[in-house]
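A short worksheet on the structure shown next.
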Amino acid sequence: MKYLDGPSSRVLAPLKFWAPRFAFALLVAATLALMVMGRFNSAIVERARAVVMDGVTPVLDVISRPVDAMADVMASIEDLSELRADNAALRQENARLKTWQAAAMHLEGENQALRELLKLVPDPTLRFISARVVGDPGGAFVRSVLVNAGSDHGVRLGQAAITGDGLAGRISQAGRHSARLLLITDINSRVPVTVGSRRNRGVLGGDNTETPRLLYLDPEVTVVPGDRVVTSGHGGAFPPGIPVGVVSEVSELGVRVRPVVDLRRIEFVRLLDYVHLPTDEAPAEGLDAAAKEIGATPQTAAPQTATAGGQR
Amino acid sequence: MRLTFWERLDLAARAVFPFLVTLLMVLISAMPLRVPELSTIMPPLALVSVCYWSIYRPDLLPLWGVFAIGLLQDLLSGGPIGVATLTLISVHALVLWQRRLFVTASFPMVWCGFMVLAAAALGLMWLLTCLGMLTFVSPRPLLFQYILTVAAYPCFSWLMTQGQRVFRPVD
């Protein structure tokens, strides 16, 4: 036991030198392990994300309110200055919409008659969950927001999130009283859509820019700027006919779409409870089959055109 | 000398002040700003805070604290996990390695040092994000984010110095 009696620095000095380096190496190794786990969507990582989200959302809910109040004041000042112009524009739009309303009512009647003729399975009734956007934690490389409703309120993975204008994104993660909403501009977002009045199919793929790209379009299809892009309902995740955007650019590099929703300013969203229905006569499997059928048969696609046209 | 409950609480508050400030920075970065363009180039304020405390009070924001903050940021951001964690602990380690330089330097020199650190840190974040997503992510928002991050340093550094005066730990 003699060596312990010597100057303690002989033992402590190397320890003092190596301990922080060892700790650093250990934490780097731990982080790398977490990166691999996260890459394979480990259940533990997903659970941890949900817990953090649930913990942080109430705090963000409180601290984001003054920001919203400020933004509202700014917006109302902007609105005041444009009141007259807005009024005139709205009158014009109202006149135009009235003709559309007449067209939509006519089509709806026709639609109803055709559906009865075909004995089509009725579209699932939608249930809405309203939620406030409380956080924008994505940073430079992720386009997602946090909302203050979770599985306790009926929020589930994959639900579409819409605003008054159209599609904003889908739920990519649901906590108990919070959820993460992946915006349609995010690099991981893919939305099955149809383009223009001829309803050409495609997929809207985000790339972190403000104008997502149209992918997997039939090369023989001509798309022109101004064409409307709506959800197609393929895959069963989204109801068909939700406005998504307008084609803004067509070039050799691809077709770009400007979303109809101002994604950087959304304050409230409505989440569509589409697949999971509370009604007992239409179980989820039956609906999935119905949705597939609607997408597959050309005759039954006609009512969807009416929906898209009616919302124009 | 026996301390009263309030004195203990006071001591504890002083000791955890840097950690709490950094935590607050993570939350502020995650706030919805409703300002077009700003949300994508919002500077990672936790980086500013970790840098500041690693220079001036590394004893109060130790490596594991930085690790915890980074992990929280990663879990919150929804991006690949480990990006902020690895970046923040690397920044902490780098600052500690050159701490003597930082502590003795004047403020403009510290700021210059931060510019280099922030460039390296944002670059690393981008690289790790690409690796984590296994795809090429456009680095375009980085330039403006970098400018904002560098600009944020003096402001937050001043605020934290004021805070440090109030919550100076009793040695």
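The values are calculated or read from the model by the stated rules, or taken from the named source; none is laboratory data. Predicted model, so just to flag it, every value in this text is computed and none were measured. Using ideal geometry, Cβ is built from the backbone for each residue, glycine included, and neighbour counts are taken over all protein chains shown.
A compact table of results
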{"read-out": "Breaking point among (1) under 24 Å from B:Thr40 (Cα atoms); (2) away from every other protein chain (no Cβ under 13 Å); (3) more than 11 Å from the chain's Cα centre (by Cα), for A:Pro219", "value": "(1)"}
{"read-out": "Single unsatisfied condition, A:Val224 versus (1) at pLDDT 85 or above; (2) within 23 Å of A:Val142 (Cα to Cα)", "value": "(2)"}
{"read-out": "Options A:Glu78, A:Glu46, A:Glu93, A:Glu108; residue that is at pLDDT below 85 and part of a helix (DSSP H, G or I)", "value": "A:Glu78"}
{"read-out": "Matching residues, the stretch A:171-189, being surrounded by fewer than 24 Cβ atoms within 10 Å (Cβ to Cβ) and more than 13 Å from chain B (Cβ to nearest Cβ)", "value": "A:Arg176, A:His177"}
{"read-out": "Qualifying position, being more than 14 Å from A:Arg190 (Cβ to Cβ) and either touching a residue at least 60 places away in the same chain (Cβ under 8 Å) or in contact with a Pro (Cβ under 7 Å, 6 or more places away or on another chain) (or both), among A:Pro219, A:Pro239", "value": "A:Pro239"}
{"read-out": "Some residue of the stretch A:152-163 being modelled with pLDDT of 90 or more, assigned to a helix (DSSP H, G or I) and more than 12 Å from every other protein chain (Cβ to nearest Cβ)", "value": "yes"}
{"read-out": "Qualifying positions in the stretch B:32-66 - within 11 Å of chain A (Cβ to nearest Cβ), outside any helix (DSSP H, G or I) and surrounded by fewer than 22 Cβ atoms within 10 Å (Cβ to Cβ)", "value": "B:Leu33, B:Val35, B:Pro36, B:Glu37, B:Pro58, B:Pro62"}
{"read-out": "Any chance A:Leu118 is closer than 15 Å to A:Phe268 by Cβ, more than 13 Å from chain B (Cβ to nearest Cβ) and touching a Ser or Thr at 6+ places or on another chain (Cβ under 7 Å)", "value": "no"}
{"read-out": "Evaluation of A:Ser248 against (1) modelled with pLDDT of 90 or more; (2) loosely packed, with under 15 Cβ neighbours inside 10 Å; (3) not aromatic (Phe, Trp, Tyr) (one fails), failing number", "value": "(2)"}
{"read-out": "Within the stretch A:24-52, considering residues that are within 7 Å of chain B (Cβ to nearest Cβ) and touching a Gly at 6+ places or on another chain (Cβ under 6 Å), the one surrounded by the most Cβ atoms within 10 Å (Cβ to Cβ)", "value": "A:Thr31"}
{"read-out": "Only one of A:Arg91, A:Arg21 that is at the interface with chain B (Cβ under 10 Å from one of its Cβ atoms), over 31 Å from the mean Cα position of the chain (by Cα) and without any contact (Cβ under 8 Å) to a residue 40 or more places away in the chain", "value": "A:Arg21"}
{"read-out": "Qualifying residue in the stretch A:125-137 (condition: more than 14 Å from chain B (Cβ to nearest Cβ), out of contact with any strand residue (DSSP E or B) (no Cβ under 8 Å at 6 or more places or on another chain) and not acidic (Asp, Glu))", "value": "yes"}
{"read-out": "Only listed residue being part of a helix (DSSP H, G or I), crowded, with 18+ Cβ neighbours inside 10 Å and more than 19 Å from the chain's Cα centre (by Cα), chosen from B:Gly132, B:Gly113", "value": "B:Gly132"}
{"read-out": "Pair list, Cβ < 7 Å and 6+ apart or interchain, from the stretch A:61-83 residues that are β-branched (Val, Ile, Thr) to residues that are surrounded by 10 or more Cβ atoms within 10 Å (Cβ to Cβ) and assigned to a loop (DSSP other than H, G, I, E, B)", "value": "A:Ile63/B:Met31; A:Val67/B:Met31; A:Val67/B:Pro32; A:Val67/B:Leu33; A:Val67/B:Arg34"}
{"read-out": "Single condition A:His234 does not satisfy, out of (1) at pLDDT below 80; (2) touching a helix residue (DSSP H, G or I) at 6+ places or on another chain (Cβ under 9 Å)", "value": "(1)"}
{"read-out": "Subset tally (residues that are surrounded by fewer than 24 Cβ atoms within 10 Å (Cβ to Cβ), free of Cβ contacts under 8 Å to residues at least 40 places away in the same chain and not in a helix (DSSP H, G or I)) for the stretch B:67-110", "value": "3"}
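Here's the yes/no breakdown for (1) surrounded by 11 or more Cβ atoms within 10 Å (Cβ to Cβ); (2) modelled with pLDDT under 90:
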position: A:Thr57; (1), (2): yes, no
position: A:Ile63; (1), (2): yes, yes
position: A:Pro66; (1), (2): no, yes
position: A:Glu82; (1), (2): no, yes
